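The values are calculated or read from the model by the stated rules, or taken from the named source; none is laboratory data. None of the values given here were measured: they were computed from a predicted structure. Heads up, the Cβs are rebuilt from the backbone with ideal geometry, glycines too, and the neighbour counts pull from every protein chain shown. Heavy atoms of the whole protein, side chains included, go into the accessibility calculation; ligands, DNA and RNA do not. Shrake-Rupley method; radii C 1.70, N 1.55, O 1.52, S 1.80 Å.
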Amino acid sequence: MERNLKNVLVISFGFLLLFTAYGGLQNLQSSLHSEEGLGVASLSVVYAALILSSMFLPPILIKKLGCKWTITGSMCCYITFSLGNFYASWYTLIPTSVILGLGGAPLWSAKCTYLTVAGNLYTEKAGKNGKDIINQYFGVFFLIFQSSGICGNLISSLIFSQASTKVEISEENLACCGAYDCITDTTNTTGSAESSSSLIYTLLGTYTASGVLAVLLIVIFLDQIKLDQAETENEILETPSFWSTFLATFQHLKDKRQCLLIPLTMYSGFEQGFLSGDYTKAYVTCALGIHYVGYVMICFSAVNSLCSLLFGKISQFTGRKLLFALATVTNTACIIALLLWKPHPKHLAVFFIFPALWGLSDAIWQTQTNALYGILFEKHKEAAFANYRLWESFGFVIAFGYSTKLQVYIKLYILLSVLVLSMVMYGVVEYFKAKSSLGTGTATKKKNVGPLIWETHM
């Protein structure tokens, strides 16, 4: 098992290095490149390109290049985004955002395929349960990968904290922070404007180096799994053509339950987009300075990871309805509080309370929505999860797309409206499921639906 475990660790640490760079950079886009909304526009383009990439590229690239070189090439796409930030403009950042988005889906698909095939190869030799080994591999991967949110944000805050002069934000500028922000190119950037070019280049250089190390780690140490090594891999890659997959994704919309879940799935993109695009800019950067963004997002990442593990375990005792209710109440309370609160440096602890509560809610949205898809659409998982990725990405595209066009309070009202609509639609889905369960008897109620299905962020 040593060789297989080595490959799992190589992939895990490669993703840790890569997303240390991308995750930290994503949270800073709205603050670093606020002129004409360039930063959030680039993020919107990333997720739009990801939608197209998810539909067409993964099966083609994995078949042609194999998992190792698909991962390598996709990682290089992420590095181009870091390079584009060195001379950020509409002519550099938007094209590199497209490249990153196109590389996103093949990267994750190749990773999943590699870990699955590696697990099956080992079980053939050792005679163990394949599902158990694969779950262990994914457990090791996520344990290491989730640390990227902490590492990337910590790097940005430590570097920006080296600024020789600390800017005192005037009360006049503080009045422009929060829900009723004074929507101009100059306000809300007070805390970032004074970050010297040398510090920004140092940060970008660190992130780029981290991405390059990730590529080198994969190229040098990851073993290639060839097609003739395992019949299992052939079975995985001999999937329907991308045209049939594309059609199956939209044919799945004939299922009324899938249509009812669209608002809930899009809300996942809306709420994540608000935190990384609007909260970091209009609240944290505006009132505290850009060097606090990393610390605040570390709080979000840490709570999110811990709660994802916690809720994944306790859901079997509480049921998903209670967890969805907890997330709804928590998010609603946060939205109302953000509408009323006027951020001020004196309220330092409050800046961390919001992302902590947001992380708790997001952990529920991610784990329970994915589990719900797995339970409702057990016979059509591929089409169902293709829809999940599609509609969540649309949520990101819309949230980042209108980020610079609307004031924060309007975005909060939109967020609250989508949340209410999502819960109403979700309630209808639960009603249909309960009605269906009554019709099929108690045997359906006791059916084992399998392990929780994990999804990942970009």
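Here are the numbers for this structure:
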read-out: Centre separation in Å (Cα based) which lies between the stretch 278-317 and the stretch 7-30; value: 17 Å
read-out: Sorted peptide list for 366-374, 38-46, criterion being average Cβ within 10 angstrom, highest first; value: 38-46, 366-374
read-out: Distance in nm between pseudo-label sites at residue 76 and residue 36 (7 Å out along the Cβ direction from Cα); value: 3.0 nm
read-out: Sulfur and carbon atoms: percent of accessible area, the stretch 247-438 [1.4 Å]; value: 71 percent
read-out: log10 of Debye I(q)/I(0), alpha-carbon scatterers only, for the stretch 247-438 at 0.11, 0.14, 0.17 Å⁻¹; value: -0.51, -0.80, -1.13
read-out: Extended-chain gain in nm, criterion 0.36 nm per residue less alpha-carbon gap, residue 425 and residue 306; value: 40.0 nm
read-out: Accessible area per residue, Å², the stretch 247-438 with all protein chains present, probe 1.4 Å; value: 39 Å²
read-out: Net length gained if the chain between residue 330 and residue 410 were fully extended (0.36 nm per residue, minus Cα distance); value: 26.9 nm
read-out: Total formal charge among the other residues, if their Cβ is under 15 angstrom from that of residue 94, Lys/Arg +1 and Asp/Glu -1; value: -2
read-out: For the stretch 1-110, accessible area per residue (1.4 Å probe, heavy atoms of protein chains only), Å²; value: 34 Å²
read-out: R0 of 22 Å, Cβ-Cβ distance residue 162-residue 356: FRET efficiency to nearest 0.05; value: 0.25
read-out: 3J(HN,Hα) from dihedral phi, the stretch 277-286, Karplus parametrisation 6.51/-1.76/1.60, rounded to Hz, x for glycine, proline; value: x, 9, 5, 5, 8, 6, 10, 6, 4, 5
read-out: Solvent-accessible surface (1.4 angstrom probe) belonging to residue 172, in square angstrom, nearest 10; value: 150 Å²
read-out: P(r) weight above 15 Å for the stretch 383-425, C-alpha pairs, percent; value: 54 percent
read-out: With DNA, RNA and ligands ignored, accessible area of residue 320 (1.4 Å probe; Å², nearest 10); value: 50 Å²
read-out: Flagged links, alpha-carbon separation over 20 Å, of 254/433; 313/435; 379/433; 6/111; value: 313/435
